[in-house]
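Here is the structure we will look at.
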Amino acid sequence: MDQRPIGVFDSGLGGLTCVRELEQRMPGESIIYFGDTGRVPYGSRSRETITRYAMQDAAFLRTFDLKALVVACGTVSTTALEELRRVHGDIPVMGVVEPSAAQAAALTRNGKIGLIATRASINTGAYERTIHARRPQAKILSAACPLFVPLVENGRTQPGDIVIETVAADYLRPLKEAGVDTLVLGCTHYPLLREVIAAYMGPGVRLVDSGAEVAHSIGQWLAEHDALAGEDAQPVRRWFVSDAVQGFYDLAPRFLGREITEQVEQVEIEQYL
Ligand code: DGL
C-alpha cells in the first residue's frame with residue numbers, strides 16, 4: 001500500500017480526461033495535477049522546446065513526494081518520454097503512447113489503424129513504431145489535427161456544431177476512406193470530440209482514448225506492485241496551472257466531468273529545473 005499521490009501533467013487541460021478516468025477507476029488515489037496553461041499548445045512546437053517544457057513540468061511535480069508520474073499529454077509522451085524516464089526513473093513514468101498503441105494493436109480486426117494527434121506527435125513516428133513492435137503487419141494511417149485543440153478549448157465539441165463537424169470531416173475523410181477499423185485518439189483533448197468523431201467514422205470503428213488507456217495501465221501497475229492507496233485512504237486533489245487560475249475553474253469541468261471544488265494554484269513554471 002502506498003498513499004503517496006500520483007503526479008499528472010499535460011500542456012493544458014486535456015490531461016484532465018485522464019484524471020477523470022483515474023477518479024472513476026481508483027477513487028482512493030491522491031492526485032497532483034499540473035496543466036501548463038500559460039504555454040499551451042505544445043503540439044506546434046519544436047522537440048527541444050517540448051522537451052524543456054516537459055522537464056520543467058516534471059521537476060515541479062517532483063517537488064512533491066510522488067509514487068508515479070503520468071504524462072497525460074500525447075505530445076510530451078511522443079517527444080520527451082525517454083528524457084523524462086532518464087531523469088525520473090526512480091518512479092514509474094508512464095506516457096499515453098504504449099498503452100494506447102497496445103490497445104489499438106489488440107483491437108484491430110483488419111489491421112488498419114488510424115491515428116490522430118498533434119503535428120509534433122505525428123512527426124515523431126512514436127505511435128507507428130510502438131504499434132508495429134506489437135503488430136508488424138499493421139497499416140497505420142495518421143492525420144495531424146492542429147485545429148482540434150483550439151476548437152475543444154473554445155467549447156466547439158457538440159454534434160451538430162457546423163464548425164467542428166466540417167473540420168472533423170476534413171481531417172478524418174482519408175482515414176475513413178482507407179477503411180480503418182480502429183482509431184487512436186492520440187491527444188488527450190480529443191475525448192471531448194468522441195461523439196463527433198464516432199458519428200463521422202461510423203459504428204464499425206473502435207476509438208482508443210489515450211488518456212483512459214494510460215489511467216488503466218497505471219492502475220494495473222500500482223495493483224501489481226502493491227502500491228494502491230488502499231481502502232481507508234483520504235484522497236487529496238491539488239491543481240496547479242501556469243496561467244491565471246480562473247480559466248481552469250471555468251474550463252476544467254468540461255474535461256473532468258465535474259466542478260472543481262478544490263483550490264487551484266498558479267505556479268511560476270520557468271523557475272523549475
Ligand atoms: N493535450 C495535448 C496532447 O495530448 C494537446 C495540446 C497541445 O498541443 O499542447 O498532445
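The values are calculated or read from the model by the stated rules, or taken from the named source; none is laboratory data. Model, not experiment: these values are computed from the prediction. Cβ placement follows ideal geometry from the backbone for every residue including glycine, while neighbour counts extend to all protein chains displayed.
Worth pointing out:
- A search for C-beta distances below 6 Å between a residue of the range 155-171 that is more than 17 Å from ALA144 (Cβ to Cβ) and any residue that is exposed (fewer than 12 other Cβ atoms within 10 Å of the Cβ) and among the aliphatic types (A, V, I, L, M), counting only pairs 6+ apart in sequence or on different chains, returns ARG156/VAL163.
- Selection status of GLY12, touching a Cys at 6+ places or on another chain (Cβ under 8 Å), within 12 Å of the ligand (Cβ to nearest atom) and part of a loop (DSSP other than H, G, I, E, B): no
- Scanning the range 182-215 for residues that are touching a helix residue (DSSP H, G or I) at 6+ places or on another chain (Cβ under 8 Å) and among the charged types (D, E, K, R) returns ARG206, ASP209, GLU213.
- Listed conditions (1) more than 14 Å from the ligand (Cβ to nearest atom); (2) free of Cβ contacts under 8 Å to residues at least 12 places away in the same chain are all met by THR49, apart from (1).
- Residue ID - nearest to the ligand (Cβ to nearest atom), chosen from residues in the range 15-41 that are polar (S, T, N, Q) and in a loop (DSSP other than H, G, I, E, B): THR37
- The listed residue being in contact with a Cys (Cβ under 6 Å, 6 or more places away or on another chain) and outside any loop (DSSP other than H, G, I, E, B), out of ALA223, ALA215: ALA215
- Some residue of the range 223-237 being more than 21 Å from LEU69 (Cα to Cα), touching a Lys or Arg at 6+ places or on another chain (Cβ under 7 Å) and either of a type outside the set (Ser, Thr, Tyr) or modelled with pLDDT under 95 (or both): no
- Only one of the numbered conditions (1) away from the ligand (no atom under 16 Å from the Cβ); (2) surrounded by fewer than 22 Cβ atoms within 10 Å (Cβ to Cβ) is not met by SER44, and that is (1).
- In the range 61-101, the qualifying residues are those that are part of a strand (DSSP E or B) and more than 22 Å from ARG134 (Cα to Cα), and the one that is farthest from the ligand (Cβ to nearest atom) is ALA68.
- Residue within the range 219-233 that is in contact (Cβ under 8 Å) with a residue 24 or more places away in the chain and within 16 Å of the ligand (Cβ to nearest atom) present: no
- Qualifying residue in the range 152-159 (condition: hydrophobic (A, V, I, L, M, F, W, C), within 15 Å of the ligand (Cβ to nearest atom) and modelled with pLDDT under 95): yes
- Condition check for TYR249 on (1) of a type in the set (Phe, Trp, Tyr); (2) surrounded by 18 or more Cβ atoms within 10 Å (Cβ to Cβ); (3) more than 23 Å from THR51 (Cα to Cα): one failure, at (2).
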